[in-house]
Amino acid sequence: MARDLREEIRERIDLVELVSGYVHLERAGSNFKGLCPFHTERTPSFYVSPSLNRFHCFGCGASGDAFTFLMRIEGISFREALQRLAVRAGVELRPESSPYTEPHEQERLRRALFAAHFYYRQCLQRSARARHYLEQRGLTPATIERFQLGYAPNGWDYLLRFLQKHQMTTEDALNAGLIRQGEHGYYDYLRDRIVFPIYDASGRVIAFGGRALGDEEPKYLNTPETPLFEKRNTLYGWHLARSAIVKHASAIVVEGYMDLIMLHQFGFEHAVATLGTAFTEQHAARLRRLVERVYLLYDSDSAGIRAALRAAEVLDTAGIPTYIVELPTGEDPDSLLQKAGVDALQQALEAARPASLFGLEQIVREHMSHAGVERWEALDLPARTRLLNDALRFVARLRSQVEQTACLERLAPLSPAYLTSPQAALEALQRDVRRLQREGRRATGRRASPRAEARSSVPSPAPTEEASEAQQALQTPTLSVQLPRAVIEAERTVLRAIVASETAALALEQLPHIEWSLPEHRALAHTLMQLPQPPYRYAERELLDAMPDEAQQALLTSLMLQTEPPLSLNMVAECIAYLHRRRERARRLQILNELTHSDQPPDPEKWQEYWRLRVES
Ligand SMILES: [Zn+2]
């Protein structure tokens, strides 16, 4: 199937629109550019070309079509990407011709969840009490609709009987976590609760949360994990929040359904919530591609603060700048918004402090309350030393240099050396932090740097060997350190010239005579020389399709997207001349080397060649 179907789908997908769901794109000539979602950068080097139907990042080398993009940004398999893009493109996948259907079991789970959701929605319509509860909590009908809330009635096995009536088995319901087995038979897991459907990234229901209407415990209950639902991978509200997260380049993270729903209702649509679990690396990896910063909006009690600091550490490891939002005592986002409105929350967001400074403050506060003093100046010397030790260990774990320095500046007055010289105190603290970091690295047995760890936790679609080699070549500086930038640029210019009508003839004629210094340039030139000679102008897409592998496709895409410096016949000719001069100079040096290091009598022919080369250059 693959190639035809893939092409058919690719042709129908608007790549710019697809990418815009994740990356804020701006027009750049006939292309679009934005901040690369696959590596961290401040200035855009990520391009999407509607005419090539491909994307390319000049920063990290990420490159490909709609399939590659979706697989990589969602961390999904080719099969899943195919299914989703087929739906988007309105192309029907014939089940008999492709093995691309979901495993049977998962499909049964989805059916049961779908039916249960339908049932809960119906029950909410019928229950005046449940509707009254939501209304009194301040939820508008539009919000209830947006989050597709439902109600699980107060009975023994109403849901189970509904599912059975609709040709689903007890086993399906059990596997989906909708019912449980007790001493007296099966019973519905959620009873007399408001139901919050939990969705995956594509907006399909994968689980339910339930909130008691009264004061019963537990107040919140989630259906258990299943092959479809993993808490550590799921953020509540994600499918509704994603485009707003891209737009704001930031996300607000809260704990719990009601806070999240209220934030959305009041227009903070870039909010997501964790689901009764700590903030995980997987959560961070998902946000990392889309945001420049994250706001943690947790409860202000001690449990909430601890949870926020743990989340901040995970985010720091993933390299995401994190801010902790503090609300007035006793308020949560829900209550604050309802009492004081949007402005109050907006102000709290603007006043949010970097998590590192917030964390440092917590340590200082703990030590003060332990010693029973109100100001740190009142701590005696041993207490100050203990405080400094704890604080420095905290600072040593921070990834960002800037935040480390900010924290140390805050700590410097605690150091005894500060009175004589603030600068010396700061420097001493910096030395301490470096020492702790060295010790930490030794203790953990040469762990990779946090940055490398953060990188490796990002799912990538198992690139082909050639592709990953090409990416390495783009990333590893070793080659370009030995090779002058000018050589690489000159070679690129000659290769670029192939696709421009004015310069193609000259470049094609010269391809065989150039000694390529980068292996990927040589490989591409080789491919180009094998192609049938066109009337000196290739159609770009045809040329891309003629590439034998992804690495060459990526290189060619980057050449086609490059617009600076503008190509001219003159410039291409100069680049070719430059490459020839370099080649001859290398040859000359080689001959000279041979001649001077040889025990044999000088070979007159070699000398002649050497002099010819000297004169010509
Ligand atoms: Zn990139």
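Only the coordinates and a few stated rules stand behind these numbers; no lab work does. Owing to the predicted nature of the structure, the values given are computational and were not obtained by experimental measurement. Counting neighbours? That spans all protein chains shown, and the Cβs are built from the backbone with ideal geometry, glycine included.
Normalised Debye scattering of the range 105-229 at q = 0.10, 0.21, 0.22 Å⁻¹ gives log10 I(q)/I(0) of -0.28, -1.26, -1.37, counting only Cα atoms as equal scatterers and leaving out solvent.
Here, P(r) means the percent of Cα pairs in each 5 Å bin from 0 to the largest distance; for the range 233-351 it is 2, 12, 25, 28, 21, 10, 2, 0. Helix by helix, which DSSP H runs in the chain go 20 Å or more along their axis at the Cα atoms and have an average Kyte-Doolittle hydropathy of 0.0 or more? Within the chain the helices that satisfy the rule are 302-317, 355-371, 381-396. Count Lys and Arg as plus one, Asp and Glu as minus one, and take only other residues whose Cβ is under 15 Å from that of GLY214; the net charge is then +2. Each residue of the chain gets 248 Å³ once the volume of the Cα convex hull is shared out per residue.
Taking a Cβ cut-off of under 14 Å around MET368, the surrounding Lys, Arg, Asp and Glu residues balance to a net charge of -2, with basic ones at +1 and acidic ones at -1.
When LEU260, LEU163 are sorted by how many other C-beta atoms sit within 10 angstrom of their C-beta, beginning with the fewest, the order is LEU163, LEU260. Taking only the alpha-carbon positions of the range 485-616 and ignoring solvent, what does the Debye formula give for the base-10 log of I(q)/I(0) at q = 0.13, 0.18, 0.23 Å⁻¹? Once normalised to I(0) and log-transformed, intensities are -0.61, -0.94, -1.37. Exposure proxy for VAL494, VAL91: other Cβ atoms within 10 Å of each Cβ, ordered fewest to most, give VAL91, VAL494.
Around MET560, with a cut-off of 11 angstrom between Cβ atoms, what is the net charge of the other residues, counting Lys and Arg +1 and Asp and Glu -1? Charge balance in the 11 Å sphere: +2. Shown for the range 518-586 is the translational diffusion coefficient from the Stokes-Einstein equation, using the Kirkwood radius over Cα pairs, a temperature of 25 °C and a viscosity of 0.890 mPa s: 179 µm²/s. For the chain, the relative contact order comes to 10 percent (Cα pairs under 8 Å, sequence separation of at least 6).
Amide H contacts of ILE252: ALA271, VAL272, TYR295, each under 5 Å away and 5 or more positions distant or on a separate chain (H built 1.01 Å from N in the peptide plane; Pro and chain starts excluded).
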